[in-house]
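The values are calculated or read from the model by the stated rules, or taken from the named source; none is laboratory data. Quick caveat, the model's predicted, so the values are computed rather than measured. All Cβ positions, even for glycine, are placed from backbone atoms using ideal geometry, and neighbour counts span all protein chains on display.
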Amino acid sequence: MAEIAGKEVESEYWLVPPHRLDLTRACDLLEEIVRVFGLDGIPSRFRGPFVAESAVDLAYNFQMGLRRKLAALGFYETQTIKLIASESADGAIAQVKDALPVRPLQEGDIIRVALPLSEDHSVLRPAHTPGLIAAAVRNSNQGASVLRFFELGRVFRNTGGGKGRDIETDTLGILIAGDRSPRSWAAPRPEQSSFEDLLAVMEVLAPGHSFTLTPARPREQAALGADVQLDGKACGYFARLSLSRCRELGLDKPVYVAELDLRKMQEILTAPVKAADLPQFPGSSRDAAMELPLSTPNADIVKAIEAAREKLLVSYSCFDVFTDPSGQKLPADRKSIAYTFLYRDPAKTLTAAEVDAAHQRVLKSLTDKVKGLSFR
């Protein structure tokens, strides 16, 4: 007799039932023991060897971290099929043709299945956008008022107009639409989700890093489009679905989508963090109110500030934006933006004259590099 997992089993002779013709070897009997008692119930004679984390393990852990953050923000993960209809692929081309993280998407870049099972599964998805929009439409038809979805997975496309090689990229797709929060007695009419909500979600995924949106020419089915940069590196795209397309899909609310390159995000967000000592000397701040054309993107202001390369400038942020469509207080084609700037020297306490001189150098860079800018 032998004891396995606290139970006695016969070890010398085994009676094999006549209907179990598959039990012909000793290893077959061992498999039966594992099946009955369970692998966890059989003690091991050897310790498991240590294996260092592989690139696959690191990518899995990084993506699971993104999933947990998005779920905590009220998003639901979708798992759509990688094969989509040709019409959906054409829509994806229209939306993201000029704003993919690697290169623009062209008609020849779509990978079509040679022998599709149906017309709805004839193309490999070039982006998560078609699947996320389809999920939003289904949930909206079922009465959902808060639409927040994301999907992590692989997208497929060709390069060189169909004459190059296929590219498989892991990306994160995010969709936000509808009410900002569920309706309740405290909020019978919640505010609608906006572009700022999607940008805030992206910033939560990358704490300590900055996202920059550069306007891009919107395509046929997109009213707004922008290239997304993470710490100055191209990382994806943002788009708002046009209202006409929303009406075609039966959606009575704006739809915002973003797609981010997971490999580039992992490279940036998992890089070693450099810590600095706490400042020993106080800083001094200055404010500046700028008037400039309404069409000027905020990215131009940021680039002009960075171009100044002012060593004493520690941080800056926008704290006010004012526009007047009526044109009474401000021309309708212009806007007023107010920034605050913080200056500090790590080796001494700055004098007012030194702070003013550094501030003037930053303002001069803004005046030289941003067209139509004036200070109020």
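The set of residues from the stretch 271-294 being in contact with a strand residue (DSSP E or B) (Cβ under 9 Å, 6 or more places away or on another chain) and in a loop (DSSP other than H, G, I, E, B) comprises Pro279, Phe281, Gly283, Leu294. Selection of first residues in the stretch 63-87 that are without any contact (Cβ under 8 Å) to a residue 60 or more places away in the chain and of second residues that are surrounded by 16 or more Cβ atoms within 10 Å (Cβ to Cβ) and not in a helix (DSSP H, G or I), restricted to Cβ pairs under 6 Å at least 6 apart or on distinct chains, gives the following pairs, ordered by first then second residue: Ile84/Val123; Ile84/Arg125; Ser86/Ser122; Ser86/Val123.
Of the numbered criteria (1) at pLDDT 75 or above; (2) under 30 Å from Ala206 (Cβ atoms), the one Val16 fails is (2). State yes or no: is Ala187 assigned to a loop (DSSP other than H, G, I, E, B), at pLDDT below 85 and either within 19 Å of Tyr256 (Cβ to Cβ) or assigned by TED's automatic domain parsing to the domain that holds Leu224 (or both)? Judged against the criteria, Ala187 is a match. In the stretch 286-297, is there at least one residue being out of contact with any Lys or Arg (no Cβ under 6 Å at 6 or more places or on another chain), within 23 Å of Leu373 (Cβ to Cβ), at pLDDT below 90 and among the acidic types (Asp, Glu)? No, there is no match, as no residue in the stretch 286-297 is out of contact with any Lys or Arg (no Cβ under 6 Å at 6 or more places or on another chain), within 23 Å of Leu373 (Cβ to Cβ), at pLDDT below 90 and among the acidic types (Asp, Glu).
Checking the conditions here, which among Ala71, Ala55 is on the phi < 0 side of the Ramachandran plot and either in contact with an Asp or Glu (Cβ under 9 Å, 6 or more places away or on another chain) or at pLDDT below 85 (or both)?
Details: Ala55 fails: either in contact with an Asp or Glu (Cβ under 9 Å, 6 or more places away or on another chain) or at pLDDT below 85 (or both).
Checking each option against the conditions leaves just Ala71.
When the residues of the stretch 295-317 are filtered to those that are in a loop (DSSP other than H, G, I, E, B) and not charged (D, E, K, R), the one that is surrounded by the most Cβ atoms within 10 Å (Cβ to Cβ) is Leu312.
So is Asp120 touching a Leu at 6+ places or on another chain (Cβ under 9 Å) and assigned to a strand (DSSP E or B) or not? Full working, then the answer.
Details: touching a Leu at 6+ places or on another chain (Cβ under 9 Å): yes; assigned to a strand (DSSP E or B): no.
When the stated conditions are applied, Asp120 does not pass them.
Do we find that Glu354 is of a type in the set (Asp, Glu), within 33 Å of the chain's Cα centre (by Cα) and outside the structural domain of Leu152 (by TED's automatic domain parsing) in this structure? For Glu354, the condition - of a type in the set (Asp, Glu), within 33 Å of the chain's Cα centre (by Cα) and outside the structural domain of Leu152 (by TED's automatic domain parsing) - is not met.
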